[in-house]
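Data block below; observations after.
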Amino acid sequence: MNFPILSSIILLPSIGALFIFFGKETTVTGKQIIKYVALFTAFVNFIISIYVWYLFDNSTHDFQFVEEKEWLKGFFNYKVGIDGISILFIVLTTFITPLCIISANNNIKFRLKDFLISILIMESLMLGVFCSLDLVIFYLFFEGGLIPMFLIIGIWGGNRRVYSAFKFFLFTLLGSVLMLIGIIFIFLSKGTTDFIKLYEMGIDPNFQNYLWLAFFSSFAVKTPMWPVHTWLPDAHVEAPTTGSVLLAAILLKMAGYGFLRFSIGLFPAASDFFTPLVYTLSVVAIIYTSLVALVQEDMKKLIAYSSVAHMGYVTLGIFTLTQQGLEGSLIQMISHGLVSAALFFSVGVLYERSHSRLISNYGGLATTMPKYSLLFIIFSLSAIGLPGTSGFIGEFLVLIGVFKDNFFVAAIATLGVILCAAYMLWLCKRVVFGNVKNENLIKIKDLNKSELFILTSLVFPIIFFGIYPEPLLNTIEVSIANLIDTYNYNLNFTNKNNG
Amino acid sequence: MENIILFLPLTAAIISGFFGKIIGDRISEVVTSLFVSISAFLSLIIFYDVIFNNYESNTLIMPWINSGTLSVNWSIKIDTLSAVMLVVVTLISALVHIYSIGYMSHDQHKPRFMSYLSLFTFAMLTLVTADNFLQLFFGWEGVGLCSYLLIGFWFRKESANSAAIKAFLVNRVGDFGFALGIFLIFYLFGTLNYSDVFNQIPSYIDNNILIFGISFNAIDLICLLLFIGAMGKSAQIFLHTWLPDAMEGPTPVSALIHAATMVTAGVFLVVRCSPIFEYSTIALNVITIIGMSTAFFAATIALVQTDIKKIIAYSTCSQLGYMFFATGVGAYNVAMFHLFTHAFFKALLFLGSGSVIHAFKDEQDITKMGSVWKKLPYTWSLMVIGTLALTGFPLLSGFYSKDAIIEFAYLRGNATGILAAFVGIFTAFLTSIYSWRLIFKTFHGDYKNENIDQAQIKESPFVMLVPLIILAIGSIFAGFVFKDFFINTSNPFIFWKDSIKFLNPLSAEHPPLSIIYITPILVTISIPISYYLFLKNKNLTIMIKESNNFLYNFFLNKWYFDELYDIIFIKPLKKIGLFFWKYIDLKTIDRFGPDGISNIIQTLSLKAKKFQSGFIYQYAFIMLLGFSALLTFLILN
């Protein structure tokens, strides 16, 4: 067996966290060491994951770098591996985490040590989600991720942090309990939770609908889909910047990933049956949350609502079951991961300076913070999905996929693109342009070096993948094609049995 | 060479945009102007090659999106159509760059301005040289972005910011149609490359698709959707509201983007897609009707406006209407010809008005000008040339292109065509009236500005006048020199080759003499008419105004489109948004969802608490009750 590279990626952040645990926050040098250990760990992990991407063979749909170790005999095994769908999420996670750590190092004022430990453990758990090949392992990682996030919001959050943390926990837990029941049911009826085996066995179509709903309830909350989205704006508003970034950029993507892996992969008949439901909820999400975003007064809430709308395109694309729709969803998730991270970092920059998230508090930043303003506009335009940014590739492919399936849904979803431009540009107008109305903002400082580093390192992939998305598309192409083939094969198989 | 033409402006934009502070204002200005001028020079060479050596090419830059059956590349397609656009775009752009050095001399953000201008040029070039619909869309949105940035260039001005957003959003409405059109094309043909799509069109004529149970002809639907996009970009009626507001941007921007190049992208789109549009009679009729309505409607508004730039903006809107109904009657080459000549004289008029505004220290109201033609001799004479060319005065460039449009509309012979011809003639008359009104009010009569002493009015610097002179030369000769290339009735394919498709050959006949002569005559007699109305006998104008107060207000308020849209779209959308947020999110989902659950649990636990009173006799009593209930149950069974 080869070097267990995936386990290393998953474990490395936790090992870093362990080191930090023994560090001393009270002394100046101790604090420095903690900061550097965290940053170093996250950065090395990023390098390793890039190396894995480099080693990754995108001509096959088989899972690669597979590791299997017996855990509970006869129940489940520790089994990890990746295919074209998961590798991109892994790179996204390891890319965003170091940026979060840089931001936290500069901005977290108390209990920095605990904060860094939370982030690193969270990274381990998130990476675990994207690597696991066993339902139970997946569930452990998926739900484990709630705990550090709950702590991040609950300890380092704003004034209403307890309410938000509770709401976040209540919503997500409620969904996942049903998923757990679903997993237990699958184990009892099939005798395994290894989902490569489950793909081959197929699930009895009579139970698919119930199981699909059980999994859906968990993923829909995490995505979040309308109408179970109301935890997201509150969680974002109260979370510290780093928390918001992790939440928007990666945590939400776990749900999209879940849809791809389980809803589509394990329950094709049910997915086919529930497609109208998903379409409806997605389209409602796109239009509804865009309109709500239009009237928000709080920047973070506005971006949070826009996240819901953008994730609407993701769910829409996944259930088109077309090559373009699925590839579009994946690109949209990666792109949204970058763009929403960038936007939340940007809001964080302002919040650090004037301790307000209210849009009306700002205006005229183009005069006082030119570098910041330029970057902010670029991020807004990427959120709008302007051609030449990664957002466009995702939205365009999703819409072209949806169009093949349903003209009406595609038309309404395209309307969302107009609304998105409306709220983002209006936000820009009120924050960046105009005259400086607020006297406190006259002496506001432009980006410092670390902020500039964070934001520019997000600009490059956004524009690069907008102009040349081939590296992403090539990576996922074969796996997506295989997913669709398997889906259609199973669907036909079920239909034949029923008919 | 194609690569150089395309990427020089981008390089200039990057240099000036990111390193403007380091290299300084002057070097940014020189670099951007020089690079775009080189592009213009190379474009002229390509244009020459295309005309005389039948040059054509399709250069692949790199792949863009490959997803399933969708495969799209970045590429540069050179044929007659794109060569014409290359010349128009780079030439006007180069002149505007040079002019801006003078016009923006007092501005603090020169490198940023020059960078945006060059970036715009790049985006426009990617648009015209695309060989597929997606790159076209990239350029389409790219020019929209630059337009947004340039309209809002003076970002401290509230009105400029609003105008910028309005321009972007109204265009997005058009893009909504355009995007759906692209989706439909991909859905039907499985490709987005022009040549692959166009080749398949003839076999898809009878394809119908069902939407809401209604059957639509696929080709008609594609054409109408694409045309919605064109309407947005080219400011046609219903989607025109952004163009007058866009005049908030600096005047060179108005000349380049909102007169000569970007706004003609819609016309270019229709001409480029002539192989599709030729198969859709419905779409062509719709285009004719929208085009002539816009031509007429914008001219009526231009009659009564007092802002010098808004008059010219409505005039642009109106002339774009001409181009559209030319395409609507199948005279694509004539539309392109008018696009070509219009670029010269409209850019000339805008830059000339910029020179006037410059002289009056940013005053744009023509009722606060007058009597300065001797003070601004160059500007005055150049603007007169521009006006003559625009109105279609015999032998100037507008004469050849505009009259040709009217003639071909008439020759088309169908009802919409003939109607369009007459609307075109009447609009030409209106055009002449409002254009001369502008000249007379701006340059003649009494001096009416109270803020600036007449002695302070000075002619613009040399660097601003040279581009004007070049444009004036174009305005005079472009029509005469190029008419045989653009409108060769016996065989349009000599010049256009296969870049334009004509299903029915254009009529080579001549329309009745009355049609040929009426426009030049009307145009000429309108000069003395406006002279009399706006200079000699102003009481008559006031009388007309007062006796038709309703009509006057209707025109002055731009047919109340803005107010209407505000009531129909903007206000309700905000209200709906608020309703969704406050009543559905907060008061329904949250109230009955998480908050509801926690409330229920709290109430229940409060009630449950009461059971645990700590008194033994209560517990004993409950036990007794339970025990007897259980016993009863067992006995009954």
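Counting only helices (runs of 4 or more DSSP H) that sit wholly inside segment B:330-437, those with at least 3 residues that are touching a helix residue (DSSP H, G or I) at 6+ places or on another chain (Cβ under 9 Å) and without any contact (Cβ under 8 Å) to a residue 60 or more places away in the chain are B:377-391. Close Cβ contacts (under 7 Å, 6 or more residues apart or on different chains) running from residues in segment B:205-226 that are small (Gly, Ala, Ser) to residues that are not in a helix (DSSP H, G or I) comprise B:Ser215/B:Asn208; B:Ala218/B:Asn207; B:Ala218/B:Asn208; B:Ala218/B:Ile209. Test B:Leu586 against the criterion of being at pLDDT 80 or above and not β-branched (Val, Ile, Thr), and give yes or no. It is false that B:Leu586 is at pLDDT 80 or above and not β-branched (Val, Ile, Thr). The single residue among B:Leu184, B:Leu226, B:Leu243 that is within 14 Å of another protein chain (Cβ to nearest Cβ) and either closer than 25 Å to B:His338 by Cβ or aliphatic (A, V, I, L, M) (or both) turns out to be B:Leu184.
Looking at A:Phe65, A:Phe3, just one residue is of a type outside the set (Asp, Glu), exposed (fewer than 11 other Cβ atoms within 10 Å of the Cβ) and either in contact with an Asp or Glu (Cβ under 7 Å, 6 or more places away or on another chain) or not in a helix (DSSP H, G or I) (or both), and that residue is A:Phe3. Criterion applied to B:Ser93, B:Ser16, B:Ser71 was being buried (at least 24 other Cβ atoms within 10 Å of the Cβ), on the phi < 0 side of the Ramachandran plot, polar (S, T, N, Q) and over 25 Å from the mean Cα position of the chain (by Cα), and the one residue passing it is B:Ser16. Scoring B:Ile601 on the criteria (1) within 30 Å of A:Val228 (Cβ to Cβ); (2) more than 11 Å from every other protein chain (Cβ to nearest Cβ); (3) surrounded by fewer than 12 Cβ atoms within 10 Å (Cβ to Cβ) leaves a single failure, condition (2). Just one of the listed residues (A:Glu352, A:Glu395) is more than 22 Å from the chain's Cα centre (by Cα) and either modelled with pLDDT under 90 or within 30 Å of B:Arg112 (Cβ to Cβ) (or both), namely A:Glu352. Against the test of being within 14 Å of another protein chain (Cβ to nearest Cβ) and part of a helix (DSSP H, G or I), the options A:Phe216, A:Phe168 yield a single qualifying residue, A:Phe168. Filtered by the rule that a residue be over 17 Å from A:Ser103 (Cβ atoms) and without any contact (Cβ under 8 Å) to a residue 40 or more places away in the chain, segment A:351-370 gives a lone residue, A:Ser356.
Would you check if B:Tyr552 is surrounded by 14 or more Cβ atoms within 10 Å (Cβ to Cβ), more than 22 Å from B:Leu438 (Cβ to Cβ) and touching a residue at least 12 places away in the same chain (Cβ under 8 Å)? Answer is no for this residue. Selection within segment A:201-213: residues that are of a type outside the set (D, E, K, R) and assigned to a loop (DSSP other than H, G, I, E, B). The member of this set that is farthest from the other protein chains (Cβ to nearest Cβ) is A:Ile203. Restricting segment B:456-509 to residues that are among the aromatic types (Phe, Trp, Tyr) and surrounded by fewer than 19 Cβ atoms within 10 Å (Cβ to Cβ), the residue that is modelled with the lowest pLDDT is B:Phe493. Summed over segment A:144-168, the residues that are of a type in the set (A, V, I, L, M) and closer than 11 Å to A:Glu238 by Cα give a count of 5.
Is it fair to say A:Ser271 is farther than 30 Å from A:Thr97 by Cβ, away from chain B (no Cβ under 14 Å), among the polar types (S, T, N, Q) and surrounded by 24 or more Cβ atoms within 10 Å (Cβ to Cβ)? Yes, satisfied. Within segment B:344-389, restricting attention to residues that are aromatic (Phe, Trp, Tyr) and surrounded by fewer than 19 Cβ atoms within 10 Å (Cβ to Cβ), the residue that is farthest from B:Val88 (Cα to Cα) is B:Trp373. Pairs meeting the criteria (first residue in segment B:579-596 and at the interface with chain A (Cβ under 7 Å from one of its Cβ atoms), second residue part of a helix (DSSP H, G or I), beta carbons under 6 Å, at least 6 apart or on different chains) are B:Phe580/A:Tyr288; B:Phe580/A:Leu291; B:Phe580/A:Val292; B:Trp581/A:Val292; B:Pro594/A:Lys167; B:Pro594/A:Leu170. Evaluating B:Ser547 against the criteria (1) without any contact (Cβ under 8 Å) to a residue 12 or more places away in the chain; (2) among the hydroxyl-bearing types (Ser, Thr, Tyr); (3) within 14 Å of chain A (Cβ to nearest Cβ) leaves one unmet condition, (3).
The helices (runs of 4 or more DSSP H) falling completely within segment B:204-322 that include 3 or more residues that are among the polar types (S, T, N, Q) and either buried (at least 24 other Cβ atoms within 10 Å of the Cβ) or out of contact with any Leu (no Cβ under 8 Å at 6 or more places or on another chain) (or both) map to B:281-304.
Within the option set B:Gly20, B:Gly68, being within 14 Å of another protein chain (Cβ to nearest Cβ), closer than 24 Å to A:Ser390 by Cα and in contact with a helix residue (DSSP H, G or I) (Cβ under 8 Å, 6 or more places away or on another chain) holds for one residue only, B:Gly68. Annotation: A:Ile444 fulfils all but one of (1) part of a loop (DSSP other than H, G, I, E, B); (2) facing chain B (nearest Cβ under 9 Å); (3) among the aliphatic types (A, V, I, L, M); the unmet one is (2).
Is segment B:119-127 home to any residue that is at pLDDT 90 or above, within 10 Å of chain A (Cβ to nearest Cβ) and closer than 30 Å to B:Pro492 by Cβ? Yes, some residue in segment B:119-127 is at pLDDT 90 or above, within 10 Å of chain A (Cβ to nearest Cβ) and closer than 30 Å to B:Pro492 by Cβ.
The values are calculated or read from the model by the stated rules, or taken from the named source; none is laboratory data. On a predicted model such as this, the values are computed, not experimentally measured, just so you know. With ideal geometry, Cβ positions are generated from the backbone for all residues, glycine too; neighbour counts draw on all protein chains shown.
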